[in-house]
1. Is the stretch 207-219 home to any residue that is among the polar types (S, T, N, Q) and in contact with a Ser or Thr (Cβ under 6 Å, 6 or more places away or on another chain)?
2. Mind checking whether some residue in the stretch 289-300 is over 18 Å from Thr346 (Cα atoms), open to solvent by 40 Å² or more (accessible area, probe 1.4 Å) and among the β-branched types (Val, Ile, Thr)?
3. Could you count how many residues in the stretch 69-120 are assigned to a strand (DSSP E or B) and touching a Pro at 6+ places or on another chain (Cβ under 6 Å)?
4. Do we find that Ala98 is buried (at least 18 other Cβ atoms within 10 Å of the Cβ), closer than 24 Å to Asp43 by Cα, of a type in the set (Gly, Ala, Ser) and touching a helix residue (DSSP H, G or I) at 6+ places or on another chain (Cβ under 6 Å) in this structure?
5. Exactly one condition in (1) at pLDDT below 95; (2) open to solvent by 30 Å² or more (accessible area, probe 1.4 Å); (3) assigned to a helix (DSSP H, G or I) is false for Ala276; which is it?
6. Taking the condition more than 19 Å from Trp27 (Cβ to Cβ) and under 23 Å from the mean Cα position of the chain (by Cα), does Ser124 pass?
Amino acid sequence: MSTEDTITKVTMPKWGLSMTSGKVTGWIVAEGDEVTDGDELADIDTDKITGALEATGSGVVRRLIAEVNEDIPVGATIALIAPADVPDELIDQVARAAREELDSGAVAEVAGPITGTVTVDGRSISYATLGEGEETVLLVHGYGGDKNSWLFVQEPLSAEATVHAIDLPGHGESTKDVGDGSLDTLAGAVLGFLEQRGVTRVHLVGHSLGGAVVTAAAAREPGKVASLTLVAPAGYGTAIDAGYLRGFAGASSRRELKPHLTKLFADPSQVTRQLADDLMKYKRLDGVPQALDTLLGTLLDGDRPGIDVDGLLDRIGAPVRVVWGRADQVLPVDNAGTLTGRAQITYVDDAGHMVHMEQPSAVVGAVTKALKG
């Protein structure tokens, strides 16, 4: 191995199907800092939301190449990490080449996820796939979300496994027909996707409504499930913000929607205009209002939860991990109490309901442990 091979080029990640560039809104580290795997390096603005870019190895931050608020193409080198004994002359040489590449705009295009659709029970299910590992992970979003909600989770996990993210019926680019909107129908969509893709063994990961869905899917076909990771899941406990769910479903403008979206995050500033605009575009698609109303009937029984999947865990032999933000206002963290002693629970500070977007390393860490057994 040459000395140059010990230099790690930190690049602008591709978080999401439509992301072509990003900005470093602030460096968390400085040149000369020692970092280890998982340490936060910089805050990256993706237009939709700001996320923290993490180190994927250990070393010393030798050079910061990207300027704060500079528009950086996906795949471009933004920093260099290397052992302290790598000569400065070599670091400078690599840094100059990276800066020249940025200034010229000649950055090689980064391949994004492979996208496609499968048909399950007459419904088109959209998916995006990253990675080629032997293990398979399936990510399932929550109510009103889509496969892009996993933008900070799918890419790092793809280094370890083949990672699929799907749009449930009624969401994203999938068919807007949700049938009766039952948990059984949604679980059938998940199991049908796995069958269509030829997946016989899978690590299931579900957020919110998706947590209840993957629980139901795992209970129906436990032999297929290698592990279950639940991220602030619905269907456990008795606390739920019914006002948020009804407000999200009923909002007809960005101004009406935004106050409800702030309940999703510990840091309300994460709710950008772009995020609200994208959700309003989705809500105005043909069939979406009807789909959301139907699913609302599944999620709620009056002001109480309409889903209870707690008992289904008894049918699942695979290990169960739970990740829950302490500042969750939609499904309060006290709901995790029902899982004590039955799952490995990680409570995450400074995270609300969208813990996989605010503190994605907690979710990536839980799934990575599941992959390693």
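1. Start the filter on the stretch 207-219 by keeping residues that are among the polar types (S, T, N, Q), which leaves 208, 215.
In the following step, the residues that additionally are in contact with a Ser or Thr (Cβ under 6 Å, 6 or more places away or on another chain) were identified as none.
Within the stretch 207-219, not a single residue is among the polar types (S, T, N, Q) and in contact with a Ser or Thr (Cβ under 6 Å, 6 or more places away or on another chain).
2. Of all residues in the stretch 289-300, those over 18 Å from Thr346 (Cα atoms) come to 289-300.
Still in the running and open to solvent by 40 Å² or more (accessible area, probe 1.4 Å): 289-290, 293-294, 297.
Adding the requirement that they be among the β-branched types (Val, Ile, Thr) leaves 294.
Within the stretch 289-300 (the criterion being over 18 Å from Thr346 (Cα atoms), open to solvent by 40 Å² or more (accessible area, probe 1.4 Å) and among the β-branched types (Val, Ile, Thr)), the answer is yes, since at least one residue qualifies.
3. Going residue by residue through the stretch 69-120, those that are assigned to a strand (DSSP E or B) are 71-73, 77-82, 114-120.
Narrowing the set further to residues that are touching a Pro at 6+ places or on another chain (Cβ under 6 Å) leaves none.
Qualifying residue count for the region: 0.
4. Details: buried (at least 18 other Cβ atoms within 10 Å of the Cβ): yes; closer than 24 Å to Asp43 by Cα: yes; of a type in the set (Gly, Ala, Ser): yes; touching a helix residue (DSSP H, G or I) at 6+ places or on another chain (Cβ under 6 Å): no.
No.
5. With respect to (1) at pLDDT below 95; (2) open to solvent by 30 Å² or more (accessible area, probe 1.4 Å); (3) assigned to a helix (DSSP H, G or I), Ala276 is out only on (2).
6. Spelling it out, Ser124 is indeed more than 19 Å from Trp27 (Cβ to Cβ) and under 23 Å from the mean Cα position of the chain (by Cα).
Per-residue answers, yes or no, for (1) over 22 Å from Ser21 (Cβ atoms); (2) touching an Asp or Glu at 6+ places or on another chain (Cβ under 6 Å):
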position: Gly75; (1), (2): no, no
position: Ile91; (1), (2): yes, no
position: Ser104; (1), (2): no, no
position: Thr119; (1), (2): yes, no
position: Ser126; (1), (2): yes, yes
position: Leu130; (1), (2): no, no
position: Leu138; (1), (2): yes, no
position: Phe152; (1), (2): no, no
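For every residue, the table says whether it meets (1) hydrophobic (A, V, I, L, M, F, W, C); (2) free of Cβ contacts under 8 Å to residues at least 60 places away in the same chain; (3) touching a strand residue (DSSP E or B) at 6+ places or on another chain (Cβ under 8 Å).
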| site | (1), (2), (3) |
| --- | --- |
| Leu264 | yes, no, no |
| Leu279 | yes, no, no |
| Tyr282 | no, no, no |
| Arg304 | no, no, no |
| Asp308 | no, no, no |
| His356 | no, no, yes |
| Ala362 | yes, yes, yes |
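The values are calculated or read from the model by the stated rules, or taken from the named source; none is laboratory data. Because the structure is predicted, anything quoted here is derived from the model rather than measured. Note that we place each Cβ from the backbone using ideal geometry, even for glycine, and neighbour counts take in every protein chain shown. SASA here: full protein model, heavy atoms, side chains in, ligands and nucleic acids out. Shrake-Rupley method; radii C 1.70, N 1.55, O 1.52, S 1.80 Å.
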